[in-house]
Amino acid sequence: MKSDVVKKGVERAPHRSLLYALGCTPDDMDRPFVGIVNSFSEIVPGHIHLRQIAEAAKSGVYSGGGVPFEVNTIAVCDGIAMNHTGMKYSLPSRELIADSIEIVAEAHGFDALVFITNCDKIVPGMLMAAVRLNLPSIFVSGGPMLAGRLCGEDGVKHVDVNSIFEAVGRVAKGGMGKEELEQLELVACPGCGSCSGMFTANTMNCATEAMGMGLVGNGTIPAVDARRVRLAKQAGRQVMRLLAEDVRPRDIINRDSIHNAFAVDMALGGSTNSVLHLIAVAREAGVDFTLPMVNRISECTPHLVKMRPAGDFHLEDLDAAGGVLAVMKEIKEVLNLEARTVSGKSVAEIVAGSRFVDRKVIRPVDSPHSASGGICILFGNLAPEGAVVKRGAVAPEMMVHRGPARVFDSEEEATKAILDGKIESGDVVIIRYEGPKGGPGMREMLTPTSILSGMGMASEVALITDGRFSGATRGAAIGHVSPEAASRGPIAALKDGDMISINIPDYKLEVELDDSEISRRLAGLAEFEPRVKAGYLKRYAERVSSASSGAVFSQ
């Protein structure tokens, strides 16, 4: 066992003494050491309950013959970090999470790992650590939050955190009073769990299940459901079987399983951030997975589920409808069915166990919301390396759009212009210098997109950025434009009034300028001046790569 390096031999007597100080017994020295990597935090609603999940996982490990040790990593709540300096730290936290787990696992000689995750950057950060360390591992998320319930003149309706972001736009336009907003604030997030729509956290937890690193139910069982605790205990037991059979993450996370994760993502119409994160996980695993490959999966995968923000359903509805497993059964023709999973079964064997499905939530493949997936990659002279759009959340009239650019060099500038009523129908809002290097940190632009939606302009105005979008974003919101402005990508050459052409069905994103004019403008730009000159963000900006390669650290 790997843990023998900290517990076996005469020279390890000091190590054993320290382990006894933890409460270990002499018998424990002959059992595997299992790290329970918990992202518990009292500032993140999705993580506030993870102590209970960890206790269940530890119980499962111990009953399976292992010695569990709970350790922790950081977590950022994107909702709380939104629209201020804090959002610059969200994506960069992913790399710190992966690095910190590597350090703790290697320093203490763990034999296997149970990853307890939930929110946006924690899931991919832990997946990156899992494939890097390649120790027998399993994932169990904390599960999604229930939707809030708001009582009004039309009865009770389900609401969520995105309802509040959009309500800010209605208040700004005079369509909602502050008292109504305060009432919504109090009920939209009723308790623990990852935000209740198909936002980034739930997208990634569903993708983890689809790629085989989480047991059935990992993506959808609500946080407050007893099944979530039972799943954690089961995961603890199962990691001991993985250890006994020497099944490691790189046996599971490969081209086939990443394909499956993207296919399920397309069927669910998940967050655009999944592209960034799954590409990063693939790179960590040594798998060559490119953006054009994502489009090929999207082309052959129907969009079957419209959840918030694209539709009205929440994760609790998907869970009741059959969960990720039911979606996988519907699209089994496009899945790699022989792919392995942490359950010990193949995808084909797991899918065969799906028995029921609610057709109101999960449409059949012969009657999809659309014949192609909910996410796609656009290319063109404005995004030579690609840009990402959640087409499942784009209004039909905005799938093809041509309009004048309104150019802003920060999220704050754009938000102010929107709130001041300076954006007109047909405009294409450009927010640049918000990429991985330029931000730094590639902030999410949920505030401007939500305000536009709240003002009723989601079907009239497009927004393009080298930053990111929250999974809660809807409308013609195109992000991850690569190369970014800070790297002298074409987006840096844009001026107010330049005509932008968007053609989502044809995967095109263009500015109506010839190459020579773009080159002339770029040549006349001053050298990019970093916005942050000290601390972690300075080091991050110096090392981070393009969004098109997952915004990972360059080697």
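The values are calculated or read from the model by the stated rules, or taken from the named source; none is laboratory data. This one's a predicted model, so the numbers in the text were calculated from it and none came from an experiment. Neighbour counts run over all protein chains shown; Cβ positions are idealised from the backbone, glycine included. Just the protein is used for accessible areas: all its heavy atoms, side chains included, with ligands, DNA and RNA removed. Shrake-Rupley method; radii C 1.70, N 1.55, O 1.52, S 1.80 Å.
For region 328-411, state the semi-axes of the equivalent ellipsoid (square roots of 5 times the eigenvalues of the alpha-carbon gyration tensor), sorted largest first and rounded to whole angstrom. Please list the in-between numbers first.
On the way: eigenvalues 266, 65, 25 Å².
The equivalent ellipsoid of region 328-411 has semi-axes of 36, 18, 11 Å.
Please report, in debye to the nearest 20, how large the charge dipole of the chain is about its Cα centre when each Lys and Arg carries +1 at its beta carbon and each Asp and Glu carries -1 there. The partial results should precede the final answer.
Values: 59 positive and 68 negative charges, 233 e Å.
Here the chain has a charge dipole of around 1120 debye.
Tilt of helix 226-244 relative to the longest C-alpha principal axis of the chain, in degrees (0 to 90, nearest 10)?
On a 0 to 90 degree scale, this one is about 60.
Pairs to check: 329/508; 121/416; 8/233; 121/437. Give those whose C-alpha atoms are more than 25 Å from each other in this structure. Each step should come with its number before you reach the end.
Details: 329/508 32 Å; 121/416 28 Å; 8/233 29 Å; 121/437 17 Å.
The pairs that break the limit, which is 25 Å between Cα atoms, are 329/508; 121/416; 8/233.
With each label point set 7 Å from Cα along the Cα-Cβ vector, what nm distance links residue 52 and residue 5?
Between residue 52 and residue 5, the simple spin-label model gives 3.7 nm.
According to the square roots a ≥ b ≥ c of the eigenvalues of the Cα gyration tensor, what is the shape class of region 198-247, taking rounded for a/c under 1.5, prolate for a/b larger than b/c otherwise, and oblate for the remainder?
Working: a/c = 3.68, a/b = 1.44, b/c = 2.55.
Since a/c reaches 1.5 but b/c is at least a/b, the shape of region 198-247 is classed as oblate.
Taking all protein chains in place and a 1.4 Å probe, what share, in percent, of the accessible surface of region 336-383 do carbon and sulfur account for?
Ligands and nucleic acids excluded, carbon and sulfur give 52 percent.
Restricting attention to the alpha-carbon atoms of region 176-297, what are Rg (one decimal) and Dmax (integer), both in Å?
Radius of gyration, then largest Cα-Cα span, for region 176-297: 17.6, 60 Å.
If r is the Cβ-Cβ distance from residue 186 to residue 417 and R0 is 30 Å, what FRET efficiency results, to the nearest 0.05?
Values: r = 31 Å, r/R0 = 1.02.
That pair, residue 186 with residue 417, gives E of 0.45.
For region 19-137, take the alpha-carbon Rg, divide it by the Kirkwood Rh, and send me Rg/Rh.
That ratio is 1.01, to two decimals.
What shape does region 483-541 take by its C-alpha gyration tensor, where a ≥ b ≥ c are the square roots of the eigenvalues and a/c under 1.5 counts as rounded, a/b above b/c as prolate, and the rest as oblate?
Details: a/c = 3.17, a/b = 1.71, b/c = 1.85.
The shape class here is oblate.
Could you work out how far the C-alpha centroid of region 130-165 sits from that of region 47-123, in angstrom?
17
Among the DSSP beta bridges whose two residues both lie in the chain, what percent are antiparallel, rounded to the nearest 5?
Numbers: 24 of 55 bridges.
The answer is about 45 percent antiparallel.
According to a simple spin-label model (label point 7 Å from Cα along Cα-to-Cβ), what is the distance in nm between residue 17 and residue 80?
Calculated label separation equals 4.1 nm.
For the pair residue 244/residue 369, report the inter-label distance in nm, with labels modelled 7 Å from Cα in the Cβ direction.
4.3
Using only Cα atoms, what is the ratio of the radius of gyration of region 127-248 to 2.2 N^0.38 Å?
1.39
Relative contact order, percent, of the chain when contacts are C-alpha pairs under 8 Å separated by at least 6 residues? Working shown, then result.
Working: 1326 pairs, mean separation 78.3, N = 555.
Result for the chain is 14 percent.
Quick one: if the Förster radius is 56 Å, what FRET efficiency do residue 459 and residue 103 give, using the C-beta to C-beta distance and rounding to 0.05? Before the final figure, lay out the partial values.
Details: r = 48 Å, r/R0 = 0.86.
Once rounded, the FRET efficiency stands at 0.70.
Within the chain, which is the longest segment that contains none of the trypsin sites (Lys or Arg not before Pro) sitting in a DSSP loop with at most 12 other Cβ atoms within 10 Å? The partial results should precede the final answer.
On the way: sites that count: 355, 359, 360, 422, 495, 533.
Longest run free of exposed loop sites: 1-354.
From a point 7 Å beyond the Cα of residue 227 in the direction of its Cβ, which residues of region 139-158 have a backbone N at a distance under 17 Å?
Counting only backbone N, you get 140-147.
Farthest toward the dipole's positive end in region 17-161, which of 69, 108, 53, given Cβ charges of +1 (Lys, Arg) and -1 (Asp, Glu) about the Cα centre?
53
What percent antiparallel are the DSSP beta bridges of region 107-188, to the nearest 5? List each step's numbers first, then the result.
Details: 5 of 10 bridges.
In region 107-188, approximately 50 percent of DSSP beta bridges are antiparallel ones.
Mind checking which aspartates and glutamates have their Cα closer than 16 Å to the Cα of residue 495? Skip sequence neighbours fewer than 8 apart in that chain.
Within the straight-line limit of under 16 Å, residue 495 reaches these aspartates and glutamates: 409, 413, 427, 466, 484, 510, 512, 514, 515, 517.
Between residue 348 and residue 399, what is the FRET efficiency for a Förster distance of 41 Å, r being their Cβ-Cβ separation, to the nearest 0.05?
For R0 = 41 Å, the calculated efficiency reads 0.70.
What number, rounded to the nearest 500 deg cm²/dmol, is the helix-based mean residue ellipticity at 222 nm of the chain, given -39500 (n - 2.57) per DSSP H run of at least four residues and division by all its residues? Working shown, then result.
Values: 20 runs with 206 residues, N = 555.
The per-residue figure over the chain is -11000 deg cm²/dmol.
Classify region 220-349 from the C-alpha gyration tensor, please: rounded if a/c falls under 1.5, else prolate or oblate depending on whether a/b exceeds b/c. All intermediate terms of the calculation are to be shown ahead of the outcome.
Values: a/c = 1.74, a/b = 1.07, b/c = 1.62.
Oblate, because a/c is 1.5 or more while a/b does not exceed b/c.
Would you list which aspartates and glutamates come within 17 Å of residue 360, measuring only between C-alpha atoms, while excluding same-chain residues fewer than 8 positions from it?
In chain and number order, the partners are 312, 316, 317, 319, 330.
Using the heavy atoms of the protein chains and a 1.4 angstrom probe, tell me the accessible area per residue for region 74-168 in square angstrom. Kindly include the intermediate steps, with their values, before the conclusion.
Values: 2880 Å² over 95 residues.
Averaged over the residues of region 74-168, the accessible area is 30 Å².
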